[in-house]
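As structure tokens, the structure follows; a few thoughts come after it.
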Amino acid sequence: MKEAALRKEKRFDWLSFCLRWLVRAAALLTFALALFILGYILAKGVPYLRPELFARKYTSENVSMLPALLNTLSMTGLSLLIAAPLGVFSAVYLVEYAKRGSRVVKVIRLASETLSGIPSIVYGLFGMIFFVTAMRWGYSLLAGAFTLAIMVLPLLMRTTEEALLSVPDSYREGSFGLGAGRLRTVFRIVLPAAAPGILAGVILAVGRIVGETAALIFTAGALEKLAQSPMRAAATLAVHMYHLAGEGFHIGQTYATAVVLIVLVLGINGLSGFVAGRMTKGGKK
Amino acid sequence: MRRIHSFLKQRKEAFARVVFLVAACVCVLCVALICIYLFASAIPAIAEIGPLKFLGGRAWHPGVGEFGILPMMVGSLYVTAGAVAFGVPVGLLTAIYLAKFAGKRVARALRPLIALMAGLPSIIYGFLGLVVLAPLLRNLLGSGKSILTASLLLGIMILPTIISVSESAIRAVPAQYYEGALALGASHERSVFFVTVPAAKSGIMAALVLGIGRAVGETMAVIMVAGNQAVLPEGILSGVRTLTANIVLEMGYATDLHREALIATAAVLFVFILLINFLLSLLKRRDVR
């Protein structure tokens with residue numbers, strides 16, 4: 001009897017052993033891949049971050065990214081100007097006004113889910129057919145901004161909705177109890193309380209806009225110049241990098257551009273996490 | 001006076017309600033516009049080329065009026081399947097590790113890195129694929145830009161999606177399942193793999209479908225590593241062109257029927273994505289039940 005128990009203990013559980021090491025190996029691989037991607041770009045790119053890469057004018061020798069960087073700023077600003085009010089107002093309607101489960105809500109939900117699944121190249125193509133050709137805006141900052149605005153709209157709607165839902169109902173009841181109407185309650189009570197969550201969503205949208213390429217090549221064009229007006233063509237940083245990488249003459253500078261792009265996007269995403277984190281801390285008080 | 005005031009207030013409330021409703025309907029309008037404008041160009045083009053010739057044609061020679069997108073559909077299919085074959089096992093195992101094996105410290109180090117991978121723009125992945133992965137595979141296997149390269153790169157790109165979605169699915173499984181398995185004498189690993197993970201099946205399926213959606217729609221990274229030959233691939237080491245790449249490569253100079261055929265390519269892609277979304281909503285509905 002005792003012998004049998006001992007033998008059983010000695011028998012090694014190969015399956016468990018393999019499974020344990022399998023998951024460890026997979027995690028290690030993911031870990032290594034992420035570190036490699038970041039480390040490789042930084043190591044190759046940082047030495048090329050020279051002042052002439054930020055010259056005021058782009059030439060084919062200095063491949064300055066400054067105009068593209070500034071275009072990215074105006075593109076982001078314009079897109080948000082269009083998308084942020086729309087996204088926030090839609091979410092306000094869904095959370096504060098609409099009856100749960102009404103047909104209108106179902107249709108809106110379906111539409112926003114559909115939008116969030118569409119690949120960016122399809123957005124780009126639609127932007128080209130609609131804004132560039134049908135509206136006759138040509139390759140322009142404005143056409144790009146509208147295309148991107150549609151692209152980030154579902155993201156903004158979803159994050160704002162979550163932020164609004166996390167505002168306790170007692171806030172609303174208190175406001176109604178004091179005699180405020182629905183509109184005043186929304187703007188004075190609910191939106192300020194949800195502001196950090198909404199802001200976190202907006203920052204996430206900025207991250208997507210900054211990193212986007214496919215939706216922009218056929219809407220905003222590839223002009224490596226500072227766009228003076230919304231009707232001018234403008235390459236953003238990601239588009240600029242696509243062209244640099246495609247040409248292949250300035251590999252070092254491409255790495256440097258990649259570094260700036262990574263720092264920008266990761267900084268923006270980190271900021272979003274930080275803002276959202278502050279919100280949850282504030283909520284616990 | 002008070003009556004006027006309350007009347008105005010009512011009007012204001014009603015007005016605001018309409019404003020919010022209109023804002024909410026914009027996304028419906030966008031979907032409608034996208035459908036209308038895509039299909040308005042796509043359907044006549046497909047009719048002119050002939051649906052069978054368009055969807056089943058093996059030759060894509062816009063210069064002589066041959067518009068068969070079969071090679072591109074097969075290309076998208078292969079590349080996506082390859083991405084899933086690489087990304088899903090690694091992603092799922094990493095998710096299991098994060099949910100059930102990792103210590104707090106390791107998880108705290110790994111999680112930001114996964115968020116980082118999720119946030120990287122696809123152009124960065126594409127560039128890395130071009131300058132690192134493609135030369136590496138060329139030295140090892142003799143062919144740099146191929147289905148294999150694109151699959152590996154896409155597999156890496158869908159990792160964060162797979163990991164985060166399937167991790168939350170695994171975490172959502174009630175702890176009693178795991179504890180019950182332990183109590184019956186199973187080891188930690190066996191309990192996790194044969195009880196907890198199967199119970200998270202529908203969430204993991206959702207992760208798979210989301211990953212497929214991302215891989216099918218990816219453009220800028222694929223275009224830089226796939227080789228982009230518009231012919232049926234002979235093996236996983238031959239170059240291939242995906243539906244998305246077809247659009248980007250030729251849209252810049254296409255005119256007339258060629259242009260419309262490219263828009264029709266996007267429409268086919270759009271239908272693929274709609275099918276994938278439909279599948280996803282089915283999975284979600286089963287989850288709720």
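Of the residues B:ALA169, B:ALA175, B:ALA186, B:ALA150, which is more than 14 Å from every other protein chain (Cβ to nearest Cβ) and without any contact (Cβ under 8 Å) to a residue 24 or more places away in the chain?
Going through B:ALA169, B:ALA175, B:ALA186, B:ALA150 in turn, the sole match is B:ALA175.
Among the residues that make up segment A:49-61, is at least one of them in contact with an Asp or Glu (Cβ under 7 Å, 6 or more places away or on another chain), of a type in the set (S, T, N, Q), modelled with pLDDT under 90 and outside any helix (DSSP H, G or I)?
So far as segment A:49-61 goes, no, none of its residues is in contact with an Asp or Glu (Cβ under 7 Å, 6 or more places away or on another chain), of a type in the set (S, T, N, Q), modelled with pLDDT under 90 and outside any helix (DSSP H, G or I).
Anything in segment A:233-254 that is crowded, with 19+ Cβ neighbours inside 10 Å and either not assigned by TED's automatic domain parsing to the domain that holds A:LEU78 or not in a helix (DSSP H, G or I) (or both)? List them, or say none.
A:ALA233, A:ALA234, A:ALA235, A:THR236
Do we have A:VAL92 as crowded, with 19+ Cβ neighbours inside 10 Å and in contact (Cβ under 8 Å) with a residue 24 or more places away in the chain here?
So A:VAL92 passes the test.
Report yes if A:LEU80 is aliphatic (A, V, I, L, M), buried (at least 19 other Cβ atoms within 10 Å of the Cβ) and out of contact with any Asp or Glu (no Cβ under 6 Å at 6 or more places or on another chain), otherwise no.
Yes.
Any idea how many residues of segment A:160-197 are away from chain B (no Cβ under 14 Å) and either under 27 Å from the mean Cα position of the chain (by Cα) or β-branched (Val, Ile, Thr) (or both)?
Qualifying residue count, segment A:160-197: 12.
Tally the residues that are in a loop (DSSP other than H, G, I, E, B), within 22 Å of B:ILE124 (Cβ to Cβ) and more than 9 Å from chain A (Cβ to nearest Cβ), restricting the search to segment B:218-238.
2
Can you name every residue in segment A:86-119 that is more than 7 Å from chain B (Cβ to nearest Cβ) and in contact with a helix residue (DSSP H, G or I) (Cβ under 9 Å, 6 or more places away or on another chain)?
A:GLY87, A:VAL88, A:ALA91, A:VAL95, A:GLU96, A:ALA98, A:LYS99, A:VAL104, A:VAL105, A:ARG109, A:LEU110, A:SER116
Among the residues of segment B:41-99, which ones are part of a helix (DSSP H, G or I), under 16 Å from B:ARG241 (Cβ atoms) and of a type in the set (Val, Ile, Thr)?
Across segment B:41-99, the qualifying residues are B:VAL74, B:VAL79, B:THR80.
With respect to A:LEU164, determine if the residue is in a helix (DSSP H, G or I) and crowded, with 23+ Cβ neighbours inside 10 Å.
In short, no.
Does A:LEU178 qualify as being over 30 Å from B:MET251 (Cα atoms) and in contact (Cβ under 8 Å) with a residue 60 or more places away in the chain?
For A:LEU178, the condition - over 30 Å from B:MET251 (Cα atoms) and in contact (Cβ under 8 Å) with a residue 60 or more places away in the chain - is not met.
Tell me the residue from B:GLY227, B:GLY235, B:GLY252 that is assigned by TED's automatic domain parsing to the domain that holds B:ILE170, exposed (fewer than 15 other Cβ atoms within 10 Å of the Cβ) and under 22 Å from A:THR213 (Cα atoms), please.
When all the criteria are applied, what remains is B:GLY252.
Taking segment B:88-102 as the region of interest, how many residues are surrounded by fewer than 20 Cβ atoms within 10 Å (Cβ to Cβ) and hydrophobic (A, V, I, L, M, F, W, C)?
Number of matching residues: 2.
Assess whether B:VAL131 counts as being within 11 Å of chain A (Cβ to nearest Cβ), more than 28 Å from B:SER166 (Cβ to Cβ) and either polar (S, T, N, Q) or assigned to a helix (DSSP H, G or I) (or both).
Taking the combined requirement at face value, the residue satisfies it.
Criterion first (more than 15 Å from A:ASN62 (Cα to Cα), modelled with pLDDT of 85 or more and surrounded by fewer than 20 Cβ atoms within 10 Å (Cβ to Cβ)) does A:GLY273 satisfy it?
Here the answer is no, as A:GLY273 does not meet what is asked.
Among the candidates A:PRO168, A:PRO196, A:PRO192, which residue alone is in the same structural domain as A:SER272 (by TED's automatic domain parsing), touching a residue at least 12 places away in the same chain (Cβ under 8 Å) and more than 19 Å from B:CYS27 (Cβ to Cβ)?
A:PRO196
(1) hydrophobic (A, V, I, L, M, F, W, C); (2) more than 10 Å from chain A (Cβ to nearest Cβ); (3) surrounded by 16 or more Cβ atoms within 10 Å (Cβ to Cβ): which one isn't true of B:ALA85, the others all being true?
(3)
Take the residues in segment A:120-141 that are part of a loop (DSSP other than H, G, I, E, B) and of a type outside the set (Ser, Thr, Tyr); name whichever of them is nearest to the other protein chains (Cβ to nearest Cβ).
A:MET135
Could you run through segment B:243-269 and say how many residues are under 12 Å from A:ILE121 (Cα atoms) and either touching a residue at least 24 places away in the same chain (Cβ under 8 Å) or part of a loop (DSSP other than H, G, I, E, B) (or both)?
12
Taking interchain pairs and intrachain pairs at least six residues apart, which have beta carbon atoms under 9 angstrom, with the first residue in segment B:228-242 and over 17 Å from B:ALA134 (Cα atoms) and the second in a loop (DSSP other than H, G, I, E, B) and aromatic (Phe, Trp, Tyr)?
So the pair list comes out empty.
So which of A:LEU148, A:LEU81, A:LEU153, A:LEU69 is assigned to a helix (DSSP H, G or I), at pLDDT 90 or above, touching a Cys at 6+ places or on another chain (Cβ under 6 Å) and assigned by TED's automatic domain parsing to the domain that holds A:PRO196?
Just one listed residue meets the conditions, A:LEU153.
From the list B:THR242, B:THR255, pick out the single residue that is farther than 30 Å from B:ALA169 by Cβ and either of a type in the set (Val, Ile, Thr) or at pLDDT 90 or above (or both).
B:THR255
The values are calculated or read from the model by the stated rules, or taken from the named source; none is laboratory data. All of these numbers come straight from a predicted model, not from anything done at the bench. Methodologically, a virtual Cβ is constructed for each residue, glycine included, from the backbone with ideal geometry; neighbour enumeration extends over all protein chains shown.
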